[in-house]
Amino acid sequence: NESAPQESESNQIVSCSKIHIPSNHLGGFNRSNANDGRLLSSSPGAGTGGTATGNNKPAPGPPEEQQTLLAVLQFLKKSKLAESAEILRREAGLPEDALDPKGTDASGSGPGLAAGSGQVDGVDASSLLSRVTVSSSAAAQAPKKAAAGEDQPDVSVVLSAYSQQGDPSLYDAYYSGLKRFIESVLDCHRAELSQLFYPLFVHMYLELVYNNNESVAKAFFEKFSGDQECYYEQDLRILSSLTKKEHMKGNETLLDFRTSKFVLRISRDSYQLLKRHLQERQNNQIWNIIQEHLYIDIFDGMPRSKSQIDAMSGSLAGEARREANKAKVFYGLLKEPEIELPLDDEDEEAENEEGKPKKKKPKKDSMGSKSKKQDPNAPLQTRIPLPELKDSDKLDKIMYMKESTKRIRLGSDNLPSICFYTFLNAYQGLTAVDVTDDSSLIAGGFADSTVRVWSVTPKKLRKVKSAADLNLIDKESDDVLERIMDEKTASELKILYGHSGPVYGISFSPDRNYLLSSSEDGTIRLWSLQTFTCLVGYKGHNYPVWDTQFSPYGYYFVSGGHDRVARLWATDHYQPLRIFAGHLADITCTRFHPNSNYVATGSSDRTIRLWDVLNGNCVRIFTGHKGPIHALAFSPNGKFLASGATDGRVLLWDIGHGLMVGELKGHTDTIYSLRFSRDGEILASGSMDNTVRLWDAMKAFDDLETDDFTAATGHIHLQDNSQELLLGTYMTKSTPVLHLHFTRRNLLLAAGAYNP
Amino acid sequence: MAEERRQKQCSVVLPTESMKAMAESVGVGQLQEDSCVALSEEVSYRIKEIAQDALKFMHHGKRRKLTTSDIDNALKLKNVEPLYGFQSQEFIPFRFASGGGRELHFYEEKEVDLSDIINTPLPRVPLDVSLKAHWLSIEGVQPSIPENPPPASKEQQKTESTEPLKVVKPGQEEKGTIQGKGQSTTTPDGKGKEKGLIRLKPRSTHELSVEQQLYYKEITEACVGSCEAKRAEALQSIATDPGLYQMLPRFSTFISEGVRVNVVQNNLALLIYLMRMVKALMDNPTLYLEKYLHELIPAVVTCIVSKQLCLRPDVDNHWALRDFAARLMAQSCKTFSTTTNNIQSRVTKTLTKSLFDDKTQWTTRYGCIAGLAELGADVIKTLILPRLTVEGARIKAVMEGPVVSNIDKIGAEHVQTLLLKHCASVIAKIRPQPDNVEQYRAEYGYLGPMLCSHVVKARTQATLQAQQVNRTTLTITQPRPTLSVSQSGLTGSGGPRTPSIIKVPSSLTLMSPRPGTPSQPSPPATKYIVMGTSAGAASTQQVITLSSSQSASPVTSTVPSATSTLQPLVKLESGGTPGLTASRPLQKYIVVSLPSSASSSLEPKSSVLPTSISSASLDGGIKLERSESPGVSTQSPH
């Protein structure tokens, strides 16, 4: 407990160095430097220079950061990238000989670095040492993954912790001894201590494998793998295939186990019990593993029950530490821009003419309350720079206001109608769908690398005329915007060619001028919906990009992919502004908070992280899913997050408190889409099991506000009320539901490809 | 259970033989055992790793099936060059071979003649992706339209009707429970909700929505209206729409009431329309009709046996209606008869009773016979054949006796033709040849001679049909010593079949098309047994070649070098020729392949080859093989 703050910092360093650096060309390193940029610089506007190294302010900063720099420098040197190293050294303002006294091999450099960075008060040297070792070795690890086959001595550093060991034949006895002990303790402690089984099992198995005790390891695995919780089955399968020391190189799952500590939350009583037992038995082997590979988050109070533990566990690296979810999150919404007032008047007039003065009243009230009261939880308007509204945006806002007055109030007794858009003949495979906010366009990403855009209104899609033709038109005329369009190109469907792999993510810009698509080919492309051509290809991921999404205010967008980092981009920069690193496996889905200040990412490591766009910090880690997360949705008020995973469950999270507040069971297959209705009363979920389900979100969140969840300890007690909250299940014939969208009037649109 | 599975996962490693085989395929002769073990472990691990990555691509591709492109993408992730061009039309493209004590699976690569590819016409361009919108739900209620799945599956309808208390309908669930609660509180004996629910059930009303009421009106009007095109559309809708179950009670009542009224009024046309509605309802696969048989069956039976169905019995063709209704009856007996409702036996009893009654009119008599005859050969054999003499006498009385009335005479004529039609085929099957007129007369009385000629006709027709089947399915090229079985054109079972090759590892395969009863208009499609892996040239079409033999040739078909020397030979043995009992399968194809040198001498003998390859064993083989072949499996074995 005592070293908690340092731990979290070291975690940051580790995480930053855990980025995949896909290949050894310079671009890769620029990215890693950009990451330093996120640690150092804080304003998004400034952090957008051409090369990322330019971001590094020549401030050596606190010794922590200097260490990081040194580690990176050392890595650059080792990789014979003298030039980059020199630049970095200059930028960081480090002395010429900053690296000289360090040894050539990475393992030796650990103490040197620690010494060179000077003593930090209050930090004991050994923990610092281990931290640097981990970070530098992990950094060295990164390129290894890409350049398979290259002999990297550094792998041994990562694994070296496994080399010290006792008699392999005793492992069995150790583990069974512990098992017996845990089974014999009081019931209230047993559930908590049972959490130890899985991480211990994994690390003991890996130690055995590392020390070439293949047969012992196999026997160990076979004997005890059945005891593990069923939600770890996926990881156990990976482990089971890993039987040789050689396999450990380049196995990402293994690296995750090694480089991140498995987090357990245990009450103080249970912990004391365990400690006493291990000391009595002189069971140093297990004690060592606990010390080295586990992070035990001790809390005071009642031990948790089995169901409480099960609700939170399941992620690749245990639960989130409590500190991780303590940061303040400004989850409130931004104030709506002022332009609405004049528009309101227009609306009133229009409505008065129509003779329907009733409708304006509730609307005006809601508007008034919104603009008057500054939400205490909302971020400052200028916390991150947002693009200014253009005239067309203002027009759109007017449309939005008008539409929202006609919005249907949904509720448990007033369910939305669902209009299903079926993609027929999509034999090549539909992989992504998006609908514009005003529901006028639908775009589909396909496995054959194409992106197709449909107009679902009578208004056809038209291209802008060619430059030569544009010269001919009268620029002063009122309908110039109409004149620039080429009537001859009008059609319901436009196909965008450009990607060279399946398109996994797709997103319209809020102003409907652009479309983003992310693909297996590692690029994100920005398409113009005026010319229907590709404008930019954003490179950087180098591995499949699983998802991308525009900010609700446009300009920014986020992407995440197989390389385990999420990137924040601005449309006018070809390099990312922020890199969000920390996930232990692929980032499968990304979503912007409605106030655009935060980004949520879901991952195959079965966690959800919330990142602050301003400083790139991870401000929330949500654990509890038992499978890769494939869908995320923020409630319209920004307070809650819903997530869906391959385990078929929807989990609801309170962002402010950082707690799980609900579990919706019912789906039988992966959930690919989640969406709140415009006023947040209904949550719709669409799944691979060919159903759309509607949930009473209002009730789910209302119930909990009366509850006092014990925020102090971070415990939750979920009641199982999925059946009460389920308002409807709608089966399609044979169409998985890939996308859901509430129109501005609260009609639910669903989309998917018919799968005969 | 999970434990077991995991243990297996842990231990699954490619066999070392595979390593050896693969080494040989790339020219490494003698691979050491140790190397094999090391290699197989390493390869297994890498394959698992790639499979894990490929799963990711499957998930993101929003599929449940792993495809080869997923594997390719996973390889790309690992910086390994993907396997180009590995795209298979078949589910598992591997062929099995054994020989020399080793078993192999290999990927069959055929030699492709480029000119063939160039000359074949281009396939049709697949349809482009299109977007279609429909209402999945309207204010919380799923509309019953073809785009949506049937609101209540047949299973659900069934449980609903058999276990009314367990009904859980999505829409009415809440209402039901609320009412149930209210009921239970009011019941004086607070015994619980269950009682309340029992009493509640009959009260639940099935209200039709406005749309459904409109639909019902439109459909019923079209069905009995004058516009034939509209009627066809309406019947089509009844036969295919998935959401009709709520209207089923209405339709059922409509039909039964309609029949009741129109029989009295002798409105033949309307009766026919109503029967067509019954047929359409029975054709709808989503309806659970069992609940409404009590209304439908009396209506149908009425149309079969009613004394008078039309205003002018001497002119109008009410016989056709009786036939049609009889077929409907037979169909519903077939589908709905169970041990509990005993429909078939009850219907049979009713019909027989009135058939045996002397006072029965000719029209009713005709209906009874038609109804019974449609129930199948067994019913004809046990119930109608013994009556032939009696009926014959009755007919004779009308035909040759004093003219009673024209109507009676017409009735007698129709009964006579009906009896001849149905009985002849049955007699042809059960009665040994030769057909002697005198014997027939002795046995069947007045109808005997006519029956005899009909039976003879039926027999010749049967053989003719069998030969026709031969012609359409077998090409026998006489001059050459080999026979190849081929499907001529695409007449067989409609629709182009993809060439499917059944693999038979050893010995022989065959097909035995069993002829249906001659009364059945369409002969059953012929079954093919195809022996695979022969010389490449022949395999592109539906040419069926056999390469393994009944002769003691040990060369297995899967050895490519050997097959080319083998010439397949097909022998046809016709069991339908006179002399064999009618109950045996009429014909049988025995397919063997022999070395070409030997075959010429065998050829003449082929027709007299004894049926030593017993039909039983062959049938067994057929069933086995059939299940493997998508093309053949649609044909159900008798």
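The values are calculated or read from the model by the stated rules, or taken from the named source; none is laboratory data. Model, not experiment: these values are computed from the prediction. Here Cβ is always computed from backbone atoms with ideal geometry, including for glycine, and neighbour counts include all displayed protein chains. Ligands, DNA and RNA are excluded from the accessible area calculation, which covers all protein heavy atoms including side chains. Shrake-Rupley method; radii C 1.70, N 1.55, O 1.52, S 1.80 Å.
For the list (1) modelled with pLDDT under 90; (2) more than 13 Å from chain B (Cβ to nearest Cβ), I need the number of the one condition that residue A:756 fails.
Every condition holds for residue A:756 apart from (2).
Just checking: which of the helices (runs of 4 or more DSSP H) contained wholly in segment A:236-290 hold 2 or more residues that are modelled with pLDDT of 80 or more, open to solvent by 10 Å² or more (accessible area, probe 1.4 Å) and closer than 25 Å to residue A:180 by Cβ?
A:268-281
Filter segment B:131-148 for residues that are of a type in the set (Gly, Ala, Ser) and free of Cβ contacts under 8 Å to residues at least 60 places away in the same chain and give the result.
Of everything in segment B:131-148, those that are of a type in the set (Gly, Ala, Ser) and free of Cβ contacts under 8 Å to residues at least 60 places away in the same chain turn out to be B:133, B:137, B:140.
Condition first: within 9 Å of chain B (Cβ to nearest Cβ) and more than 11 Å from residue B:147 (Cα to Cα). Now tell me which residues in segment A:723-736 satisfy that.
A:727, A:728, A:729, A:730, A:736
Select from segment A:402-415 the residues that are open to solvent by 20 Å² or more (accessible area, probe 1.4 Å) and in a loop (DSSP other than H, G, I, E, B) and list them in ascending order. Write out each step before concluding.
Residues of segment A:402-415 open to solvent by 20 Å² or more (accessible area, probe 1.4 Å): A:402-409, A:412-415.
Residues satisfying the conditions are A:406, A:407, A:408, A:409, A:412, A:413, A:415.
Which pairs turn up if I take residues in segment B:247-269 that are open to solvent by less than 60 Å² (accessible area, probe 1.4 Å) and look for partners that are in a loop (DSSP other than H, G, I, E, B) and of a type in the set (Ser, Thr, Tyr) with beta carbon separation below 6 Å, at least 6 apart in sequence or on another chain?
From residues that are open to solvent by less than 60 Å² (accessible area, probe 1.4 Å), the pairs are B:263/B:306.
Give the residues of segment A:569-587 that are open to solvent by 10 Å² or more (accessible area, probe 1.4 Å) and within 14 Å of another protein chain (Cβ to nearest Cβ), sorted by residue number.
Hit for segment A:569-587 is A:585, nothing else.
Using the structure shown, decide if residue A:547 is open to solvent by 10 Å² or more (accessible area, probe 1.4 Å), among the acidic types (Asp, Glu) and within 14 Å of chain B (Cβ to nearest Cβ).
yes
Every residue, every condition in (1) free of Cβ contacts under 8 Å to residues at least 12 places away in the same chain; (2) assigned by the TED database to the domain that holds residue B:280, yes or no:
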residue: B:310; (1), (2): no, yes
residue: B:334; (1), (2): yes, no
residue: B:337; (1), (2): yes, no
residue: B:347; (1), (2): no, no
residue: B:350; (1), (2): no, no
residue: B:355; (1), (2): no, no
residue: B:360; (1), (2): yes, no
residue: B:369; (1), (2): no, no
residue: B:385; (1), (2): no, no
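For segment A:416-451, give me each residue that is facing chain B (nearest Cβ under 10 Å), over 13 Å from residue A:499 (Cβ atoms), open to solvent by 10 Å² or more (accessible area, probe 1.4 Å) and part of a loop (DSSP other than H, G, I, E, B).
If the condition is that a residue be facing chain B (nearest Cβ under 10 Å), over 13 Å from residue A:499 (Cβ atoms), open to solvent by 10 Å² or more (accessible area, probe 1.4 Å) and part of a loop (DSSP other than H, G, I, E, B), then A:417, A:425, A:426, A:427, A:429 are the ones that fit.
Anything in segment A:291-324 that is open to solvent by 10 Å² or more (accessible area, probe 1.4 Å) and part of a strand (DSSP E or B)? List them, or say none.
Across segment A:291-324, the qualifying residues are A:295, A:296, A:298.
Name the single residue that is surrounded by the fewest Cβ atoms within 10 Å (Cβ to Cβ) among those in segment A:176-195 being of a type in the set (A, V, I, L, M) and under 15 Å from residue A:269 (Cα atoms).
Going through the qualifying residues, I end up with A:186.
Which numbered condition trips up residue B:351, out of (1) open to solvent by less than 20 Å² (accessible area, probe 1.4 Å); (2) in a loop (DSSP other than H, G, I, E, B)?
(2)
Considering segment B:106-131 alone, what residues qualify as being touching a strand residue (DSSP E or B) at 6+ places or on another chain (Cβ under 8 Å) and within 30 Å of residue A:753 (Cα to Cα)?
B:127, B:129, B:130, B:131
Looking at (1) assigned to a strand (DSSP E or B); (2) free of Cβ contacts under 8 Å to residues at least 60 places away in the same chain, which is the only condition residue A:579 fails?
(2)
Tell me which of these residue B:29 doesn't satisfy, since it passes every other one: (1) outside any helix (DSSP H, G or I); (2) at the interface with another protein chain (Cβ under 10 Å from one of its Cβ atoms); (3) modelled with pLDDT under 85.
Unmet condition: (2).
Checking residue A:566 against (1) away from chain B (no Cβ under 14 Å); (2) part of a loop (DSSP other than H, G, I, E, B); (3) within 11 Å of the chain's Cα centre (by Cα); (4) not polar (S, T, N, Q): exactly one of these is not met. Which one?
Going through (1) away from chain B (no Cβ under 14 Å); (2) part of a loop (DSSP other than H, G, I, E, B); (3) within 11 Å of the chain's Cα centre (by Cα); (4) not polar (S, T, N, Q) one by one, residue A:566 breaks only (2).
I want to confirm something. Restricting to segment B:54-76 and keeping residues that are open to solvent by 20 Å² or more (accessible area, probe 1.4 Å) and at the interface with chain A (Cβ under 9 Å from one of its Cβ atoms), which single residue is nearest to residue A:234 (Cα to Cα)?
Selected residue: B:56.
Is it the case, given these coordinates, that residue B:104 is among the aliphatic types (A, V, I, L, M) and open to solvent by less than 90 Å² (accessible area, probe 1.4 Å)?
Spelling it out, residue B:104 is indeed among the aliphatic types (A, V, I, L, M) and open to solvent by less than 90 Å² (accessible area, probe 1.4 Å).
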